[in-house]
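Right, one structure below, let's go through it.
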């Protein structure tokens, strides 16, 4: 490790302490106030996150995700979405860890260089865990009405999935 990288964090902490000292700020009181606000944010975010985790677990464990995937599979195949990717497309906006488990399963079963492996990787990298992100960021600042955020984000996820399929087909000429 180079010397600049080794001393960067202690140097930043020293600069913060010195600037607070010269500006006559009670550094420890400000630190305690920030820590208290951080704990309050954590406790206010816990219920929606727990609800989201329970809902995803129930969806996967009950078999409802499999039923949903099988029921929409004929439609998605018409537009070029392979049936093995459908669970990833449905779960990615809801659960990052759940979608990573699906990507891992696809990579193990089909390989990283396969069409499905590349597609799963591209979709995972180009979409967002929308519900989790909205819960965390809007909950942290106390926004109750997300208005157009959720529909816009889900449309963006859908476009990213379709663009992933088109890009993979076009650039790698797989299909």
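Of all residues in the stretch 122-151, those being surrounded by 12 or more Cβ atoms within 10 Å (Cβ to Cβ) and either touching a residue at least 24 places away in the same chain (Cβ under 8 Å) or farther than 21 Å from residue 47 by Cβ (or both) number 14. Going by what's in this entry, would residue 144 be described as at pLDDT below 85 and touching a helix residue (DSSP H, G or I) at 6+ places or on another chain (Cβ under 9 Å)? Criteria met by residue 144.
Would it be correct to say that residue 83 is in a loop (DSSP other than H, G, I, E, B), over 14 Å from the mean Cα position of the chain (by Cα) and surrounded by fewer than 17 Cβ atoms within 10 Å (Cβ to Cβ)? First the steps, then the outcome.
Details: in a loop (DSSP other than H, G, I, E, B): yes; over 14 Å from the mean Cα position of the chain (by Cα): yes; surrounded by fewer than 17 Cβ atoms within 10 Å (Cβ to Cβ): yes.
It is true that residue 83 is in a loop (DSSP other than H, G, I, E, B), over 14 Å from the mean Cα position of the chain (by Cα) and surrounded by fewer than 17 Cβ atoms within 10 Å (Cβ to Cβ).
Screening residue 108 on (1) closer than 25 Å to residue 61 by Cα; (2) surrounded by 15 or more Cβ atoms within 10 Å (Cβ to Cβ) shows it passes everything except condition (2). Taking the stretch 94-147 as the range and being over 16 Å from the mean Cα position of the chain (by Cα), in a helix (DSSP H, G or I) and under 23 Å from residue 165 (Cβ atoms) as the test, the residues that pass are 105, 106, 107, 108, 109, 110, 115, 116, 117, 118, 119. Being closer than 29 Å to residue 133 by Cα, in contact (Cβ under 8 Å) with a residue 60 or more places away in the chain and part of a helix (DSSP H, G or I) is a property that does not hold for residue 39.
Name every residue in the stretch 19-35 that is more than 15 Å from residue 141 (Cα to Cα) and part of a helix (DSSP H, G or I), in order of residue number.
Going residue by residue through the stretch 19-35, those that are more than 15 Å from residue 141 (Cα to Cα) are 19-33, 35.
Correct list: 19, 20, 21, 22, 27, 28, 29, 30, 31, 32, 33, 35.
Is at least one residue of the stretch 158-172 exposed (fewer than 13 other Cβ atoms within 10 Å of the Cβ) and within 19 Å of the chain's Cα centre (by Cα)?
yes
Checked against the criterion of being touching a residue at least 40 places away in the same chain (Cβ under 8 Å), within 21 Å of residue 166 (Cα to Cα) and either in contact with a helix residue (DSSP H, G or I) (Cβ under 6 Å, 6 or more places away or on another chain) or surrounded by 15 or more Cβ atoms within 10 Å (Cβ to Cβ) (or both), the stretch 51-67 has no qualifying residue. If you go through the stretch 37-48 one residue at a time, do you hit one that is closer than 28 Å to residue 137 by Cβ, more than 19 Å from the chain's Cα centre (by Cα) and modelled with pLDDT of 90 or more? No, there is no match, as no residue in the stretch 37-48 is closer than 28 Å to residue 137 by Cβ, more than 19 Å from the chain's Cα centre (by Cα) and modelled with pLDDT of 90 or more.
The values are calculated or read from the model by the stated rules, or taken from the named source; none is laboratory data. These numbers were taken from a predicted model, which means no experiment stands behind them. Cβ sites come from the backbone with ideal geometry, for glycine too, and all protein chains shown count toward neighbours.
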